[in-house]
Amino acid sequence: MSDERPIGVIGVGWVGLVTATCFAELGHPVVAMDIDPQKVRALSRGRVPIHEPGIAELLERNGERLTFTTEMEDVLESARLLFCCVDTPPTYSGDADLSRVQAVVSQLPEDGQYALVMKSTVPSGTGRAICRDAPGIAYVSCPEFLKEGTAVQDFLHPDRVVIGAGAGAEWAAAEVEGLYRPLGGKIVRTDVASAEMIKLAANAFLATKISFINEIANVCEEVGADVTEVARGMGLDRRIGPAFLRAGAGYGGSCFPKDVSALKQLAGNTGYHFQLLTAVIEVNELQKRRIIGKLQKHLGPLAGKTIALLGLAFKPDTDDMREASSLVLASRLQGEGATVRGYDPVSREAAAKLLPSIELTDSATDALDGADAAVIVTEWPEFAELDWGSLRDRMAKPVVVDGRNFLDARAMRAAGFAYEGIGLANDGARPNEAESAESAEAAPR
Ligand code: UDX
């Protein structure tokens, strides 16, 4: 162990674990605390309770620098800079539930020695309230911008690091800046309320981009345009950029749905009706359901039909199913009287809890056996590797609705599938490919 004072991490969920292991990787000693003894036991034995590429290796490589504990005293004994990474789930009203953050604050001594560095996403105003109620704690807002699935890379190579210092917390902000500076991203030093707002506004903007392109996709279907072409053409405008213009079955995950409703609610609490975000949320909900209409178009009423959902996580490379499109789809399909099967390469455990009434299979092939249709809900690479030609004969009907525009539309149609994506011209063929794809489908197999 070095003589350096350890960094404290409170809450070893996804953000906390990435923060703890990455700081350890950068050479700092870390003491990480979580109230869940099972999680702490697993981590102390080197077992990673989440699916996030790279974490297991970091944990193994930096075991000596990492201490996991269930006791806040263990953290307070040695660390002064405490990264707060507890979750702030939405309540029924859409507000962020801050009870876990409050529980952390209430355990910190107010003797001017400790700094709370807020990584958890909290509504603008939270920091100010903590500074007011607990003036003996130095408060720094340092919001998290990591993406699940690439979190380690995102942490080690940030676009920017936002640091908002509360009154009297300049020393802590300078220490936080010192920790992140070697990573090379732009450092944005600002006030607490603006730092909190940057996080919410960034996520709300990205969600808006997705709902926007999804609506464009829906119009493309009506006018015979192809949303992937449209997005490519739009994205080349540097003011727009190509990222987050993939149309699909809606966004999910632990951040976008929560942060968009938190920002809308925050505005509402001040008496401001954030109209745009109301539409972003509604479009996203409807988008998840559009798959049902596409299935009905090919199968008629869905009662008694078997539908295979390929991919249950909210996106690839994670086992996280929070707000995943698969949850909405499964319940809508069952509501229509369909039998639902589901397969996901890593989220089987989460699926067993969240989707107890669907049949979970061990492989995509098992899910497709005898199914009336397949829906690509998550773009796991292995779905592109499947031998779709031979799978067609194992399915009761060759219908594939691709909720992520992931498979090769032309090849699928040539293989004899009724293939539909989201916002694709001519049911999936590129405009200039439509003719040849149609003749390939018409040709005897
Ligand atoms: C997001 C933010 O990107 C990150 O900065 C923040 O810290 C947490 O929230 P994450 O939830 O991990 O990260 O997922 P992300 O990769 O951003 O995708 C979110 C959702 O949007 C997924 O459901 C994805 O399928 C969907 N999406 C993304 C689209 O539908 N289209 C796109 O073009 C991009």
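Remarks
- What the Cβ-Cβ distance of L183 and R238 gives, at R0 = 41 Å and to the nearest 0.05, is a FRET efficiency of 0.95.
- Percent of beta bridges antiparallel (DSSP, segment 7-190, rounded to nearest 5): 10
- Estimated vicinal HN-Hα couplings, Hz - segment 395-406 in sequence order (Karplus 6.51, -1.76, 1.60; Gly, Pro = x): 7, 5, 9, x, 10, 10, 9, 9, x, 10, 6, 9
- The three principal axes of the C-alpha atoms in segment 7-190 carry coordinate ranges of 41, 37, 35 Å, sorted with the longest axis first.
- Take 214-222, 173-181 and order them by the average number of nearby Cβ atoms within 10 Å per residue, most first; the result is 214-222, 173-181.
- Fluctuation leader among V140, V188, V75 - the chain, Gaussian network, Cα springs under 10 angstrom: V188
- Using alpha-carbon coordinates, inclination of helix 256-269 to the longest axis of the chain, degrees: 60
- Cα-based equivalent ellipsoid of segment 292-392: semi-axis lengths in Å, sorted from largest, via gyration tensor: 19, 17, 11
- Cα extents of segment 242-350 along the three principal axes, largest first (Å): 49, 30, 29
- For the chain, the calculated P(r) over all alpha carbon pairs, in 20 Å bins from 0 to the bin holding the longest distance, is 24, 50, 23, 2, 0 percent.
- Simple rule: put +1 on each Lys or Arg Cβ and -1 on each Asp or Glu Cβ in the chain, find the dipole, and look at G253, L200, H298; the Cα lying farthest toward the positive end is H298.
- Degrees, to the nearest 10: 14-25 long Cα axis against longest axis of the chain: 60
- The long axis of helix 275-299 is offset from the longest Cα principal axis of the chain by roughly 30 degrees.
- Proportion of all alpha-carbon pairs of segment 143-231 beyond 14 Å (%): 73
- Pairs from K258/K315; K353/K397; K147/K199; K209/K294; K258/K288 whose Cα-Cα separation, in the structure shown, is over 18 Å: K353/K397; K209/K294
- Fraction of beta bridges assigned by DSSP in the chain that are antiparallel (%, nearest 5): 5
- Calculated Rg and Dmax of segment 58-117 using C-alpha coordinates, Å: 14.4, 43
- Cα-derived Rg over Rh, computed across segment 225-420 with Rh taken as Kirkwood radius: 0.99
- Take every Cα pair under 8 Å whose residues are at least 6 apart in sequence, average their separation, divide by the length of segment 251-384, and the relative contact order is 28 percent.
- Once the Cβ-Cβ distance of E110 and E4 is raised to the sixth power relative to R0 = 25 Å, the FRET efficiency obtained is 0.50.
- Label-point gap, in nm, between A202 and A129 - each point 7 angstrom along Cα→Cβ: 2.3
- Relative to one another, the C-alpha centroids of segment 1-49 and segment 243-267 are positioned 28 Å apart.
- Among G136, F212, I163 - extreme Cα towards positive end, dipole of segment 131-226, charges at beta-carbon: G136
- Counted by Cβ distance under 10 Å from Q296, the other residues give a net charge of +2, where Lys and Arg count +1 and Asp and Glu count -1.
- The distance from the alpha carbon centre of segment 52-84 to that of segment 289-342 is 39 Å, rounded to a whole number.
- Comparing D317, D226, D408 in a Gaussian network model of the chain (Cα springs below 10 Å), the most mobile by mean-square fluctuation is D408.
- Full-extension gain in nm, A279 to S44, via 0.36 nm per residue minus C-alpha separation: 80.1 nm
- Charge dipole (segment 213-356, unit charges on Cβ, about Cα centre) - positive-most of F314, A262, I281: F314
- Close amide H contacts of I7 (hydrogens built in the peptide plane, cut-off under 5 Å, sequence separation of 5 or more or a different chain): V30, V31.
Here, each number is a calculation from the coordinates, and none is a lab measurement. Please read these numbers as outputs of a predicted model, since none were measured by experiment. Backbone-built Cβ (ideal geometry, glycine too); neighbour counts: all protein chains shown.
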